[in-house]
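The next block holds one structure in the form of structure tokens; read it before the comments.
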Amino acid sequence: MKRKALGRGIEALIPIFKEDTPVGEYATGPVELLIDEIVPNPLQPRKYFNDAHLEELENSIREHGVIQPIIVQKGLKSYELIVGERRWRASKKVGLKKIPAVVREATDTESLELALIENLNRQDLNPIEEADGYARLAKDFKLTQEKIAQRMGKSRESVANAMRLLKLPRKVKEDIIGGRLTMGHGRALLGLKNEKDVEVLRKKIVIQTLNVRETEALVNKTHQNTESPVREKPKKNIFIKKLETELERKLGTKVKIDPNIKGGKVIINYYSEDDLERIRRLIN
């Protein structure tokens, strides 16, 4: 199927059900579909479902039923979930045969975006799942970080920082998924280039349950132990620190002013070609 750019907007795909809203306003209206005729969305960004949260939802469905319909699109032999996989899974576990649903037409981009938004709004994805979702929007649908940020209601910097987590070694990402490490731990470990150093620190953080500040201190200490001795540089004065902060605010990225005896250098971080082009436009 040829992928189309977003055009209709989220409001056209996510129905808001009110008591005074006529059923006829929706393409099919809420209908009852057989649960076994529905299959998960392959574009679903969530790969891990919390058993405790699912159990809470199961108990709610046993008592009140499925209050809000799921959203699906019709395939050749079945219906594919767009929004509501947790409700669908919980309903199956409860033993329901049917579930209320609204049938919609949606492009792959819209399906992925809706699944992301639904999960982000209802129950946070873990940071790696969130980063994976952004990366797929960028790669598969050619969306820039700025456009992703606009659609998700986030800042471009937060999207860029999330996507950087995908550069972490596999074991670190697994610990973030499992909740043993946070996004802050991951961002601190990104400061290390040597994977062996990362692995040593990863184990230490998990075993000693170190917080992010302690992790950052360990990363800095590792840098000091591995880098060759260099001539002592002048300490940054208040003006330099203030200027760094001002540049970071204006450029929306990390800026480092590195002074030395003869002058110094300004280092501006960027995280993609789109990000570099954005910074170039701001400077011009």
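In the range 246-266, what residues are outside any loop (DSSP other than H, G, I, E, B) and over 27 Å from the mean Cα position of the chain (by Cα)?
E246, I257, D258, P259, G264, K265, V266
In the range 174-196, what residues are farther than 13 Å from E216 by Cα and not in a loop (DSSP other than H, G, I, E, B)?
Within the range 174-196, E174, D175, I176, I177, E195, K196 meet the criteria.
Looking only at the range 256-284, count how many residues are in contact with a strand residue (DSSP E or B) (Cβ under 9 Å, 6 or more places away or on another chain) and among the acidic types (D, E).
Number satisfying all stated conditions: 1.
Which one is surrounded by the fewest Cβ atoms within 10 Å (Cβ to Cβ) among residues in the range 267-282 that are touching a Leu at 6+ places or on another chain (Cβ under 8 Å) and either more than 21 Å from L165 (Cα to Cα) or of a type in the set (D, E) (or both)?
Once the filter is applied, the top-ranked residue is L282.
Find the residue count for the range 74-90, including only residues that are farther than 12 Å from L33 by Cα and surrounded by 15 or more Cβ atoms within 10 Å (Cβ to Cβ).
8
Quick check on the range 24-59: of everything there that is at pLDDT 80 or above and touching a helix residue (DSSP H, G or I) at 6+ places or on another chain (Cβ under 8 Å), which residue is surrounded by the fewest Cβ atoms within 10 Å (Cβ to Cβ)?
For the range 24-59, the residue satisfying everything is P40.
Would you confirm, using the coordinates I've provided, whether G264 is touching an Asp or Glu at 6+ places or on another chain (Cβ under 7 Å), outside the structural domain of N50 (by TED's automatic domain parsing), surrounded by fewer than 18 Cβ atoms within 10 Å (Cβ to Cβ) and farther than 30 Å from F49 by Cβ?
yes
Which pairs have Cβ atoms under 9 Å, sit 6 or more apart or on different chains, and link a residue in the range 179-194 that is of a type in the set (S, T, N, Q) to one that is surrounded by fewer than 16 Cβ atoms within 10 Å (Cβ to Cβ) and part of a helix (DSSP H, G or I)?
Within 9 Å, the pairs are N194/T226.
The values are calculated or read from the model by the stated rules, or taken from the named source; none is laboratory data. Please read all numbers here as calculations on a predicted model, not as lab measurements. Neighbour counts run over all protein chains shown; Cβ positions are idealised from the backbone, glycine included.
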